[in-house]
Amino acid sequence: MWLFGVARHVLSNSRRSRRRQSELAAKLRQTIDTSGVSGSVPSDLQLDVQRALAKLPPNQAELVRLVLWEDFTVPQAATILRIRESTARGRYQRAISRLKTVLAPIADHREKPVAY
């Protein structure tokens with residue numbers, strides 16, 4: 001009989017955990033969506049970065065947002081996303097590499113002086 005009680009508590013904890021994670025993810029998405037100053041127009045650089053993030057797979061983009069915008073470490077982000085730390089490190093490295101590839105031509109274009 002005690003086993004049913006233990007199982008019930010484990011299921012309850014799991015449900016609470018999932019609910020908290022969903023609420024945190026929703027809050028994070030809302031914060032990211034409204035992170036710009038109200039009434040301001042995003043700069044070209046901000047738009048370029050948003051476009052580059054949109055090209056990443058969702059799991060990599062979320063990890064980058066947690067690490068770079070929310071100042072979590074990769075291990076902390078792994079805990080939040082409920083993935084192994086080694087998986088998070090690999091995803092983060094691939095995401096940064098992809099962002100560098102996507103943003104490099106934009107950075108080169110911005111650095112070149114305009115010929116008159």
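Counting the residues of the stretch 44-78 that are over 11 Å from the mean Cα position of the chain (by Cα) and more than 20 Å from residue 101 (Cα to Cα) gives 3. Sub-7 Å Cβ pairs linking a first residue in the stretch 42-61 that is surrounded by fewer than 17 Cβ atoms within 10 Å (Cβ to Cβ) to a second residue that is in a helix (DSSP H, G or I) and of a type outside the set (A, V, I, L, M, F, W, C), at least 6 apart or interchain, are 59/91, ordered by first then second residue.
Select from the stretch 34-58 the residues that are modelled with pLDDT of 80 or more and either in contact with a Lys or Arg (Cβ under 7 Å, 6 or more places away or on another chain) or polar (S, T, N, Q) (or both) and write down the one among them that is nearest to residue 92 (Cα to Cα). Ranking the candidates gives 56 first. In the stretch 82-101, the residues that are outside the structural domain of residue 50 (by TED's automatic domain parsing) and on the phi > 0 side of the Ramachandran plot never reach a residue that is assigned to a helix (DSSP H, G or I) and small (Gly, Ala, Ser) with C-beta atoms less than 6 angstrom apart, at least six apart or across chains.
The values are calculated or read from the model by the stated rules, or taken from the named source; none is laboratory data. All figures in this text were calculated on a predicted structure; none of them were measured in a lab. Positions of Cβ are backbone-derived with ideal geometry, glycine not excepted, and every protein chain shown enters the neighbour counts.
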